[in-house]
Amino acid sequence: MGSMIGFQRPDGQDVQGYLAEPAGGSAGAPAVVVIQEWWGLNDQIRGVAERLARAGYTALVPDLYRGQSTVEAEEAHHLMSGLNFGDAAAQDIRGAVQALKARGATKVGVTGYCMGGALTILSLTMVPEADAGVVWYGYPPLEYVDAGRITAPLLAHWAEQDQAFAIAGVDALEEKLRAAGVAYTGHRYLAGHAFANETAQGPGRYPFTQYDAAWAQVAWDRTLRFFGRTLG
């Protein structure tokens, strides 16, 4: 099991994060920053970090909500609305990448789900130290995506039936990435929003979120192959 650690943002502020390490320890292991969904730093996203650790990566989940989390969509929306996305990307996420490199990781990737997917794209424009990114069904308003600043290779998993992030927006984003010459691969799945989150259904959740175990496994395998190639 992982544990909470502290690390510093570039501006010197302290942040907490959940760190999961591979069985052999993190010395020399590649690393991944995992960005939460709008629910916060909960058991499900800790589980993603643990799964990456079992695959041989050091994983760090920055606590973007500073200790708050929820299972209610309404409250999650409120928490997300209070988050400064630019600050989270340029400070919290960049600080997490820098902290992992300071711990000895030669290469560090970034991955995130839903709100975290949008933040993954933003962070690749603001975190020059990031070596790769994997987006799971989320993108920011396209006017905030300066694709020319993305130098790391990018993989994305999109849900064709996503009612939270319309596939037309994915088309426009992909056009932007192609025009900027980003090393990008996008996969589309006949699935709904949050198809890789095993807690997508339940009280307080939206009716359009649905877990799909088969597509989740395909996307996970593709993610590990991509990180294996880009992070070593």
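Readers should treat all values here as calculations from the given coordinates under stated rules, not as data from a laboratory. These numbers were taken from a predicted model, which means no experiment stands behind them. For neighbour counting, all protein chains shown are included, and Cβ atoms are generated from backbone atoms with ideal geometry for every residue, glycine included.
With the cut-off at 1.5 for a/c, could you classify the range 82-189 from its C-alpha gyration tensor as rounded, prolate or oblate? Because a/c hits 1.5 or more and a/b exceeds b/c, the range 82-189 counts as prolate. The antiparallel fraction among DSSP beta bridges confined to the range 3-231 stands at about 30%.
Once both labels are positioned 7 Å from their Cα atoms along Cα-to-Cβ, the gap between Arg178 and Gln161 label points is 2.7 nm.
The gain in end-to-end length when the Ala73 to Asp171 segment is fully stretched comes to 32.6 nm, 0.36 nm per residue minus the alpha carbon separation. Between Arg66 and Ala27, the C-beta separation translates, for a Förster distance of 35 Å, into a calculated FRET efficiency of about 0.75. Rounded, prolate or oblate: which fits the range 1-110 when a ≥ b ≥ c are the square roots of the eigenvalues of the alpha-carbon gyration tensor, with rounded for a/c under 1.5 and prolate only if a/b beats b/c? In terms of gyration-tensor shape, oblate. The GNM of the chain, with springs linking C-alpha atoms under 10 angstrom apart, assigns the highest mean-square fluctuation among Val15, Val218, Val34 to Val218. For Ala214 and His187, the difference between the fully extended length at 0.36 nm per residue and the C-alpha to C-alpha distance is 8.3 nm.
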